[in-house]
Structures are given as C-alpha cells and as structure tokens.
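None of the figures in this text is laboratory data; all of them are computed from the coordinates on show. Since the structure is predicted, the reported quantities are computational estimates derived from the model, not experimental observations. Reconstructed Cβ throughout: ideal geometry from the backbone, glycine too, with neighbour counts over all protein chains shown.
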Amino acid sequence: MNGNVKNKAIRDTLKKTRERRKSQICKQYEVKIDRSHLNEKSEQRLNRIFLEAKWFYNSILASQHIFDLPENHYKTEKVQVKIRDKYETRNLECLSSQMKQELLDRTKDSIKGLSALKENGRKVGSLKFKSAVNSIPLKQYRNTWNIIDRNHVHIQGFKQPVRVRGVFQIPKNAELRSAL
C-alpha cells in the first residue's frame, strides 16, 4: 500500500510540473568563466575537464556501436586514446559521471539528428573525432552546479567558487535546469 501512495505522489508532482511548464518560456543565458580569478589548481582542473571530455567523446565515437554501449559506460574511469599509430590508456580523474553521461547522451542525440536528416533526403556525413571540446554539460542544478551570488558559481569538483561574468542576466525567480 505504501508503494501506491508514493507512486501517486510522484504522479501528482509530475502533473503539477507539466502544468507549470506550459506557461513558462524557455530561455538560455550565457555566462563566461573569468579565468583571471582562478587559482592555479582550479585552472589546471578546468583544463583537465575539457581534455578528459575530448578523450571520452572520441572514445565513444571509436567504439563504433554507440547505442550498444552498456548502461553504465559513463562510469568508466579509463579510456583508450589514439596517439599517432598506437593507443594509450588514460585515466579520467576530473570528469564526473554525470558529465560523462550527458556527453554520451549528447553524442546519441547527434547521431539521431543525422539519421533524421538522412531520412528527409539530406546528404549527411558522420560524426568526426574532436580536437577540442568547447562545452561541458552540467546536468543538475544545485548538484553539478549552483549560483552562489551575482559573480560566482560553484561547479562540482572545484573547491573554490568560480568567478563568472553574466549572472545578472538571469531573473531572480527563474527556474534553472542545466548548464553547458
């Protein structure tokens, strides 16, 4: 009986959320990290996250069977990186599981988009390996990222708050979701 009550509460919450979102307008805001205010350790961590994201993305593409990857592939801690003619195993130390999961989902969505374009008669190629990743998905507000004040955000894995420019654009009563 307890399970039925819990399931009903979940259904009611989802219904209220859908109703609330019908009247909302989705907007995207861009804030930029002020690297001049990062200490050396945070700067290195930020660079390492982007490097590991590139390695992880390229390893996903190299797997050839992206949709057949195990459900917990995002929990992997080592990837194979091709350097010239040989492969090296690299450790993923800074990239969180949620970031990996979102990179995997982003790659799958890109493939589905290319497939839809191809079905509509467009000429499409395939996804290419990247030499750099420009954005890291931060999936959960208040878990992987959080706004501290009008100049600082907290990003998962960083000890110090990260100074950013542009938080002032976001209305105080905005319902926040994910970040890139």
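Distance between the modelled labels on ASP12 and ARG48, one decimal in nanometres: 4.7 nm (7 Å Cα→Cβ projection).
The helix-based estimate of mean residue ellipticity at 222 nm for the chain, built from -39,500 (n - 2.57) per DSSP H run of four or more residues and divided by its residue count, is -13000 deg cm²/dmol to the nearest 500.
Of the residues LEU69, LEU61, LEU95, the one that moves most in a GNM of the chain with alpha-carbon contacts below 10 Å is LEU69. Packing, taken as the mean count of other beta carbons within 10 Å per residue, orders the peptides 96-109, 34-47, 155-168 from highest to lowest as 96-109, 155-168, 34-47. Of the residues ILE25, ILE83, the one with the fewest other Cβ atoms within 10 Å heads the list, and the complete ranking is ILE25, ILE83.
Residue-normalised convex hull volume from the C-alpha trace of segment 49-180: 155 Å³ per residue. Separation of the alpha carbons by more than 20 angstrom is noted, of LYS108/LYS159; LYS32/LYS159; LYS41/LYS86, for LYS108/LYS159; LYS41/LYS86.
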